Amino acid sequence: MIPELGQFSLILAFCLSILLGTLPIIGAARNNVLWMSLARPLAAGVFVFLGLSIGILAYAFATDDFSVQIVAAQSNSLLPMHYKLTALWGGHEGSFLLWTFMLSGWMLAVSIYSKSMPIEFVSRVLGVLGVLCVAYILFMLATSNPFMRIVPLPPADGSDLNTALQDFGFIVHPPTLYMGYVGFSVVFAFAIAALLSGRLDAAWARWSRPWANIAWAVLTIGIALGSWWAYYELGWGGWWAWDPVENPPLITWLFGTALIHSLAVTEKRGVFKSWTVLLAILAFSGSLLGTFITRSGLLTSVHAFATDPTRGVFILGILGLAVGGSLLLYAFRAPLMKSEFGFGLVSREVFLLTNNVLLVVAAASVFLGTLFPMVYQALTDDLISIGPPYFNFIFVPLMIILVLFLGVGPMSRWKRTSTAYLFQQVAKLAIASLVIGVVLPLLVLFEFSLAATVSVALAAWIVLTMGKDIANKIANKDSVAKGLRSLPLSYYGMQTAHIGVAIMLIGIGLTSYFSSERSVLLNPGESVELGSYSFQFEGSEAFRGPNYIGDRATFLVSRNGNSLPSLYPERRIYLASGTPSTEMAIDAGFLRDLFITLGEEKEGGGWTMTVYVKPFIRWIWLGSIFMALGGTVAAFDKRYRRLRQRKSAQEKEQLGALQPTAT
Amino acid sequence: MKPHRQKKLGIILFIALGLSVSVGLILYAMTQNINLFYTPTQVALGEVDVGQRFRIGGMVKEGSLVSADDSLQVRFETTDYVHAVPIQYEGILPDLFREGQGIVAEGTVDVAGVFHASRVLAKHDENYMSQEVKAALDAAGVDTENHPTALVQPES
């Protein structure tokens, strides 16, 4: 009975979102304040009923209700409770419910933190999000009902959660990624609301910026978590594989990165409006594309959910309508988006435009590389795959150019900067960066490599130009402390995110070229050397976990004779499904990771195994944390709050006007 | 032409030039990095040039797996139930590699018809079959619908 309540609650959320997707938008068009004022309560209602629905599904997972189809397919009575609960998003139906619930969460946030905006605008934004909710819930009800029962004979036990998913990464990565993904729907809704009203001004950009920043920051963390999880769970030491399911989040992220920069120009200078709107549409399309690719059965991988063609067609329909519709609206409204001001050829506007062009080209190349094999297969029936070298070939040079501009951009001025001034500012810094790039890796690693030099030089370039820029900005202030306090929070946000880029660059450059690995067969007592590290295999013993049996090996690790923490890699066999799984052992460090994965046991107690040394790999994720932090800090800049206070008076006035009509 | 028009034209030309250069590079890089996929039958009949990098997909033939006791060398055969191709690999096989199940291997074939794999991908879940293996079995006329085994690539 209880799962049916969840289903019922989902249907109620559907009905409310139909109202949300229509009344407020019509109200805004006809200036009907009563209809517009329905937007906030309706958004809250959709959130409550979707929350109820997902809560009931979680209850079914927690109580092992195997009469519910997806519980039987994705869970098992032996699973620990935290995996039972999170098994909810271990399959297509549950994860889509989570996705839609996240959207309603963003809706609720918009309805709460939008007091500064005019009611017409808020109702249009919430209305557009309501339309998206209608499409998503309809999709669930029509093709992928999470509350489907197995009647009349439910299985005695579930067939277990995919063993590769039984890990901490699975608890945190999908919700974070979805939250970031769905956050771009909000920015999209802002853009569509602005197009609908025909008023694309600096105010619109100011309203969207904090939302775009937060969505971008969450997506950054979501992708980084996925990369970290793949690194330690899949166990072949990679942090990015250019897999077709990794790429759509990256495409969205690249468009999102372009968007948050372009929004800055639109807010501060009133130019690039149409471009910014287009980027908002593209970022949102990227998130839908990700859903489409993983849920349509176009490809098979860890991320791909069951392959039911009707689902693919349905999502393609949503994708087509959303993207086509918004581009049509865009085409109609484009003439309205006139730039208010001009700018010179060497100016911050042009630097930011260059940033945008580079990011969009990067996104387009990833998009082509991802979709080309699928299109090729559809046209010729031949199967091909495009390997990582393609992506690296395009991506690396683009990012190098991007970072060069990243150094100059913040230093340049709006409207016009003299080339001579810029040159005088950065010439010495460029030389210094180059010297640091050559010398530093030599001092630390005693080895020359082009990759290390390039990445360290670029990182130095970012940090040095940033230092120079801050010094310039506070030069006229009485004291350094006063000067630093006078800089706005958004400036600190930007610089923090840029430091993140520098940190990540070092991580990528050094880990790509100084990592080493060795696959060997060792008998107990034997050891293997890798660089200055020595791994001694002590032997293995059988043990039993909550829902698996396995072997645990013991390794004594030392470096130049000094012993380091021992490592205990495992090899497990999960009881419910009988699938084997490797649990690698990692000794994580700031400057390097050591890790071991076990292969198979040979006669006489020997094991095959691979040992890895990965210098600086943590810096990749550390850099992502800085970027996300920067994006978040910038979103809390004073000027967004000041606006809120100013406008709340206006809001009260409107509510006052509403009272007589409502009673 | 008015100066601001001229500037606009300059920017548009700059963007167009940048875009066409990058599209050119993208297409060049793509043609350099395409891995074609072949079935065991195609490989056994010598349709692939020696030394060319490609992917092969099929089932691991029952009883064909031989792994050395003193090294990481493994040898097995992959089959579409019409022809079988011997595969030589040095390294650790994926968790879910088993006889009678589907795999995809990447590498080159030598004069003797032995495939030297640099990477072996096995299924990651019981319920799915990779497109490559399904295509290979379809091409060989094997009924994949009723075949119990399946796979996906272990890429994240």
Report summary line: Cross-link reach from A:Lys614 to aspartates and glutamates, straight Cα distance under 15 Å and at least 8 residues apart if same chain, gives A:Glu517, A:Glu529, A:Asp587, A:Asp593
Report summary line: The equivalent-ellipsoid semi-axes of the stretch A:50-201, taken as the square roots of five times the Cα gyration tensor eigenvalues and listed largest first in whole Å, are 36, 16, 11
Query raised in the report: Is any residue of the stretch A:90-132 close enough, with backbone N under 15 Å, to a label point placed 7 angstrom from the Cα of A:Thr22 along the Cα-Cβ axis, and if so, which?
Result: A:127-128, A:130-132
Query raised in the report: Residues of A:128-139, mean number of Cβ from any other protein chain within 10 Å of their own Cβ, rounded to a whole number?
Result: 0
Query raised in the report: When you look at the Cβ of every residue in B:33-44, what mean number of other chain Cβ atoms sits within 10 Å?
Result: 3
Report summary line: Dividing the mean separation of Cα pairs under 8 Å (6+ apart) by the residue count of the stretch A:507-552 yields a relative contact order in percent of 22 percent
**Report entry** As computed over the stretch A:316-403, the Cα convex hull volume per residue (Å³)
**Finding:** 143 Å³
Report task. Would you mind getting me the FRET efficiency between A:Tyr492 and A:Ala378? Use the beta-carbon distance for r and R0 = 45 Å, nearest 0.05. Result -> 0.40
Report task. For the stretch A:212-221, take each phi angle, set θ = phi - 60°, evaluate the Karplus expression 6.51 cos²θ - 1.76 cosθ + 1.60, and give the result in whole Hz per residue in order, putting x for glycine and proline. Result -> 4, 4, 5, 4, 5, 5, 5, 5, 4, 5
Query raised in the report: Are there GluC sites (Glu not before Pro) in the stretch B:59-95 that DSSP puts in a loop and that have at most 14 other Cβ atoms within 10 Å, and which ones?
Result: B:Glu62
Requested in this report: Extending each Cα 7 Å along its Cβ direction at A:Trp414 and A:Ala432, get the distance between those two points in nm, one decimal.
Outcome: 2.8 nm
Query - Residue-averaged 222 nm ellipticity for chain A, from DSSP H runs of 4+ at -39500 (n - 2.57), nearest 500 - result: -22500 deg cm²/dmol
Query raised in the report: Over all residues in A:345-352, what is the mean tally of Cβ atoms on other chains that come within 10 Å of each residue's Cβ?
Result: 1
Requested in this report: Please report, largest first and rounded to whole Å, the three semi-axes of the ellipsoid equivalent to the stretch A:575-643, where each semi-axis is the square root of five times an eigenvalue of the C-alpha gyration tensor.
Outcome: 44, 18, 6
Query raised in the report: How long are the three semi-axes of the equivalent ellipsoid of the protein assembly as shown, in whole Å, if each is the root of 5 times an eigenvalue of the C-alpha gyration tensor, listed from largest down?
Result: 46, 36, 26
Query - From phi via Karplus (6.51, -1.76, 1.60), per-residue ³J(HN,Hα) for the stretch A:396-410 in Hz, x at Gly/Pro - result: 4, x, 4, 5, 5, 4, 4, 5, 4, 5, 4, x, 7, x, x
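Tell me, what is the FRET efficiency for B:Ala139 and A:Ser479 to the nearest 0.05, using R0 = 56 angstrom and their Cβ-Cβ distance as r?
0.15
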Query raised in the report: Dipole magnitude of the stretch A:1-166 about its Cα centre, charges +1 at Lys/Arg Cβ and -1 at Asp/Glu Cβ only, in debye to the nearest 20?
Result: 660 debye
Query raised in the report: Can you tell which of A:Thr257, A:Ile11, B:His83 lies farthest toward the positive end of the dipole of the protein assembly as shown, using +1 and -1 charges on the Cβ of basic and acidic side chains (Lys, Arg; Asp, Glu)?
Result: A:Thr257
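On a 18 Å Cα-Cα criterion, which of the cross-link pairs A:Lys415/A:Lys638; A:Lys428/A:Lys468; A:Lys273/A:Lys473; B:Lys61/B:Lys134; A:Lys428/A:Lys477; A:Lys468/A:Lys638 come out too long? Walk me through the numbers on the way to the answer.
Numbers: A:Lys415/A:Lys638 24 Å; A:Lys428/A:Lys468 11 Å; A:Lys273/A:Lys473 28 Å; B:Lys61/B:Lys134 16 Å; A:Lys428/A:Lys477 24 Å; A:Lys468/A:Lys638 25 Å.
Beyond 18 Å between Cα atoms: A:Lys415/A:Lys638; A:Lys273/A:Lys473; A:Lys428/A:Lys477; A:Lys468/A:Lys638.
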Report task. Enumerate the calculated ³J(HN,Hα) couplings along the stretch A:16-24 in order (Karplus 6.51 cos²θ - 1.76 cosθ + 1.60, θ = phi - 60°), each rounded to whole Hz, writing x wherever the residue is Gly or Pro. Result -> 5, 6, 4, 4, 5, x, 10, 3, x
Requested in this report: Please compute P(r) over all alpha-carbon pairs of the stretch A:516-616, binned at 5 Å starting from zero, and give each bin as a whole-number percent.
Outcome: 3, 13, 25, 24, 17, 11, 6, 2, 0
Report summary line: Dipole check, chain A, charges on Cβ (K,R +1; D,E -1), about Cα centroid: among A:Gly599, A:Val323, A:Ile384 the Cα furthest to the positive pole belongs to A:Val323
Query raised in the report: If you put +1 on each Lys and Arg Cβ and -1 on each Asp and Glu Cβ, how big is the dipole of the stretch A:426-537 around its Cα centre, in Debye rounded to 20?
Result: 760 debye
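Values quoted throughout were computed directly from the atomic coordinates according to the rules given, and no laboratory measurement underlies them. Fair warning: this is a prediction, and the values are worked out from it, not measured in the lab. Counting neighbours? That spans all protein chains shown, and the Cβs are built from the backbone with ideal geometry, glycine included.
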